[in-house]
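Notes follow once the structure below has been shown.
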Amino acid sequence: MRSDGTSGSLWLRIAAVSGLLFLHAPLLLIFVYAFTTDERSYAFPPPGFTLKWFGVTLDRPDVWEALGLSLKVAAAST
């Protein structure tokens, strides 16, 4: 709300929502592809959903090293 008690115009709200949707759409696509059953990437729509890739990822030591480093940097930055 502005200081005079009125809110922004309808077009400003539409622009703000459109901008947020535009920025969040890639995150939604990455989330959907994280659960795909297909071995190849970028087949849309995904043929099915699975948790297989999370198990594959958690078995890789480089992922754990990267996660540990990220946590160390986050702790140091706080």
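Computing FRET efficiency as 1/(1 + (r/R0)^6) for Thr50 and Ala74, where r is the C-beta to C-beta distance and R0 is 30 Å, gives about 0.50.
Quick one: grab the alpha carbon gyration tensor of the range 14-78, order the square roots of its eigenvalues as a ≥ b ≥ c, and give me rounded if a/c is under 1.5, else prolate or oblate depending on whether a/b is larger than b/c. Since a/c reaches 1.5 but b/c is at least a/b, the shape of the range 14-78 is classed as oblate.
Taken together, the values in this text are just the output of simple stated rules run on the coordinates, not laboratory data. Treat the numbers as computed from the prediction; the structure is a model and nothing was measured. Here the Cβ is made from the backbone with ideal geometry for all residues, glycine too, and neighbour counts use every protein chain on show.
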